[in-house]
Structures are given as C-alpha cells and as structure tokens.
Amino acid sequence: MKRLTERFLALFGLLTAELILAGVVFLGAFVLFFYLTRVVFVEHSATLDNFAFQEMDGIRAAEPNFTAWVKRVTFFASAPFLTVTGIVLPSILFWLKRRREALELFLAVLGSSILNQLLKNHFHRSRPETALFPQPGLSFPSGHAMIGVALYGCAAWLLWRHGRHPIWSGLLLIWAIVVGLSRVYLHVHYATDVLAGFAAGVVWLVLLRGALRLWWREKNQLPSSNE
C-alpha cells in the first residue's frame, strides 16, 4: 500500500503546467481528428475541400509561376527527405551526446510514418482526381502534413526546451503548416486530409512525449527503488 501511494504521488508530481498544456493540446487535436472523420466518412461533406481548392486555384491563376515554388516546398516532407532527415538528425544528436533528444526525434518520425500508413489503410480514401501530378498511395490523413508536423514539431519543441529559441521554434511550426498547405495547392490532398494529418501528428507527438517522460522518470528512479 505504501509503495502504491508513493507511485501515485510520483505520477501526480508530473502534473506540471507543461503536461496540463499537453493534455489540452492532445484533447483538442484528438477531437479535431474525430470531427474530420465524421465530416468526410459519415456526412460525406465536401464543402471545406471544395472551398479550399477554389481558393488555391485562385492563387494559382493569379500567380502561375508560384506552382514551381510550391513543388519545391512540398519536397520537404516527401518520403526521401523524411527518410534521410529521420536518420541523419538523430545521428548527429547522438554524436553530440544528446541521446534522449536523438531518440525522441527518431521515434517522432518513425512512429508517425507507421501510424500514418495504418490510418490510411483503415480509412482508405482515394486521392483527388484533379491532382496536378500523379501521386501514389491513399489520401486520409496526409502523410506530408502528419509526418511533417511530427518532424518539425519535435524539432521545434527540442529547440525551445533546451535552447529557448522561440523564434526558430515558431518558424519551424509555420513551415510545417506551409508544407501541409502545399499539398492542397497541388490538389494531391484534400484540405480535410491535411487538417487530419496535422491533428494526428500532434496527437502522436504528445503521446510520445508523455511516454518517454514516464519511461525516463522510471528509469532514473530504478536504482534507488532497488536499494
């Protein structure tokens, strides 16, 4: 009973402002993802998707040369880029003896990639027929949006947490959003795909952060508990 009470108090001590905020963000992202699944697969509403395509088409008609730049932007969450980055960046962090950060970044990319494929195969939504270039695979949720948020969101968190670089952290988050929007611009994803990808990426990051925090805390307390 005493040991159980000690563990409860230890877990209660984790309820910092950081975790409370993480809980609010997690709940908001989870609710958004669930709402989007209802809109797309239950109500079969295309209102948001059509509106987003119309707005992006208006931009493309006004600035035809902008498309070439958007294609460059979308590369920064492509499978080749994410594969290389998901290996190289954690390797650099590990070499710099930032092993926890290396593990967190690696799992952020790897876990979101696996989860994205599972979700796509579950919902099995086809891509838009109006895509500007052929794109294989399924559509919901967007892998560029989901894995991009996981990569850039995790990097932003690590920068803010360890270096207190709010500007760079903010820019990384904005960049993740821009990459996601590029998919709608190119018609390779619906807007609901991208929003769902953002939400799922945030959910994964919060779950990963919470799990690693508990694991590291238990690992640090293990020697003292065996005395």
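Every read-out reported here was derived from the displayed coordinates using simple, explicitly stated rules and does not represent laboratory data. What you see is a predicted model, and the numbers here were worked out from it, not measured in a lab. Backbone-built Cβ (ideal geometry, glycine too); neighbour counts: all protein chains shown.
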Q | Under Karplus coefficients 6.51, -1.76 and 1.60, residue-wise ³J(HN,Hα) of the range 26-31 in Hz, glycine/proline x | A | 4, 4, x, 5, 5, 5
Q: Rounded to the nearest Å, what's the spacing between the alpha carbon centres of the range 87-134 and the range 34-58? Just the number, please.
A: 24 Å
Q | 3J(HN,Hα) from dihedral phi, the range 169-180, Karplus parametrisation 6.51/-1.76/1.60, rounded to Hz, x for glycine, proline | A | 5, x, 5, 5, 5, 5, 4, 4, 5, 4, 4, x
Q: Measure nothing but the geometry: give the 0 to 90° angle between the long axis through the Cα atoms of 2-12 and the longest principal axis through the Cα atoms of the chain, rounded to 10°.
A: 40 degrees
(Q) Using the Karplus curve 6.51 cos²θ - 1.76 cosθ + 1.60 with θ = phi - 60°, what ³J(HN,Hα) values do you get for each residue of the range 122-129, in whole Hz, with x for Gly and Pro? (A) 6, 7, 6, 9, 6, 6, x, 6
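Counting other Cβ atoms within 10 Å, which trypsin sites (Lys or Arg not before Pro) in the range 116-221 have at most 11 and lie in a DSSP loop? List each step's numbers first, then the result.
Details: sites: Lys120, Arg125, Arg161, Arg164, Arg183, Arg209, Arg213, Arg217, Lys219; in loops: Arg125, Arg164.
Listed in order of number, the matching sites are Arg164.
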Q. Taking +1 at the Cβ of each Lys and Arg and -1 at the Cβ of each Asp and Glu, which of Pro80, Thr192, Ile20 sits farthest along the dipole of the chain towards its positive end, judged by Cα position relative to the Cα centre?
A. Ile20
Q.
Please check: in the Gaussian network model of the chain (C-alpha springs, under 10 Å), which one of Ala131, Ala196, Ala155 has the largest mean-square fluctuation.
A. Ala131
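Report the relative contact order of the range 21-225, percent, no decimals, based on alpha-carbon pairs under 8 angstrom and at least 6 residues apart. Walk me through the numbers before you get to the answer.
Numbers: 255 pairs, mean separation 60.0, N = 205.
Normalised by residue count, the contact order of the range 21-225 is 29 percent.
As a footprinting exposure proxy, order Thr192, Thr74 by other Cβ within 10 Å, with the fewest listed first. Please list the in-between numbers first.
On the way: Thr192 26, Thr74 23.
With the fewest neighbours first, Thr192, Thr74 line up as Thr74, Thr192.
At 222 nm, what value in deg cm²/dmol follows for the chain if DSSP H runs of at least 4 each add -39500 (n - 2.57) and the sum is divided by all its residues, to the nearest 500?
On the way: 9 runs with 175 residues, N = 227.
Computed ellipticity for the chain at 222 nm equals -26500 deg cm²/dmol.
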Q) How big is the charge dipole of the chain about its Cα centre, in debye rounded to the nearest 20, if each Lys and Arg gets +1 on its Cβ and each Asp and Glu gets -1 on its Cβ? A) 840 debye
